[in-house]
Amino acid sequence: MEPVTRPTRRGFVATAAAALAAPAAAAKKIPAGIELYSVRDQLKQDLPGTVRAVAKMGYECVEFYSPYFDWKPDYAKDVRKLLDDLGVKCLSTHNSAKSFEPANIGHAIELNGILGSNMVVMASAGGRIEDLDGWKKTAERLSLGADKLKSAGMRAGFHNHQTEFKPIGGTRPMDVLAKNTPHEVVLQLDVGTCIDAGSDPVAWIRQNPGRIRSMHCKDWAPVDTTKHPDKGYKVLFGEGVAPWKKIFQAAEKAGGIEFYLIEQEGSRFDPFDTAKRCLDAYRKMRK
């Protein structure tokens, strides 16, 4: 029988320090994915080839956008097999507001379940909303959808554009949506459109702790800039005015971020080259 040794004070301090450091050392790596709208024309022509191409670039997850809703379950199973074979995950999908209607949400749940996605994001409120009451109705639809999704082990989300950050009577629609939906409803932040509308993405993340589970890493530059030949959303990731390091810090410290998605509306390069350049820039920034 080996003798029992008493821990020394120095040993206790070292052990405690190691324990405190352990969570940081074991920090979860946040996947970098792509919103497939970035390569939409290629996706329409050849979905399997397009998914293979972005997987080869090193993207770890993909987000399918609204046309996926027209798929039949058997086709969704084929897509899931492709993803599994490539080692790529689908963690979320973009959906029209109609997908959240009672007659349609069951189909969204079925397809997302097949794909392995547990986040069904409303990518647009649908139509033009003129007043805050209209946004409260959108929040109600989102909340009802969230209840249905929750029972299926999924979450609802909302993806902003410029409109949601432009005040109506002094109040931003995004604040209405955040206030009138359950905390588990994800506020998927589109960084570029938030900045374009005049809002601060870092402040928004901090105002909504735990709700920024997903983010579209889209940059933006004022149209009068001379730094790059393409302006607005045509700049690549990292070329615009978004304070990415502060955004990532806020997302990971307060936002509850689970994955990032590169999104590009177009650039001076072809879509695949654009997607590769954006991922390379992201990786370099994250080192």
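The values are calculated or read from the model by the stated rules, or taken from the named source; none is laboratory data. Small disclaimer: the values here were computed from a predicted structure and weren't measured. Neighbour counts are summed over all protein chains in view; Cβ atoms, including those assigned to glycine, are modelled from backbone coordinates with ideal geometry.
Suppose the filter is among the hydrophobic types (A, V, I, L, M, F, W, C) and within 18 Å of the chain's Cα centre (by Cα); does Val176 pass it? Considered against the rule, which asks whether it is among the hydrophobic types (A, V, I, L, M, F, W, C) and within 18 Å of the chain's Cα centre (by Cα), Val176 comes out as no.
All conditions in (1) under 30 Å from Lys81 (Cβ atoms); (2) assigned to a helix (DSSP H, G or I); (3) under 19 Å from the mean Cα position of the chain (by Cα); (4) of a type outside the set (S, T, N, Q) hold for Val121, with the sole exception of (2).
Taken over the stretch 142-154, residues that are surrounded by fewer than 18 Cβ atoms within 10 Å (Cβ to Cβ) and at negative phi amount to 7. Number of residues in the stretch 272-287 that are within 13 Å of Ile30 (Cα to Cα) and buried (at least 16 other Cβ atoms within 10 Å of the Cβ) equals 1. From the list Ala146, Ala139, exactly one residue is at pLDDT 95 or above and within 27 Å of Leu83 (Cα to Cα). Which is it? From the options Ala146, Ala139, the qualifying one is Ala146.
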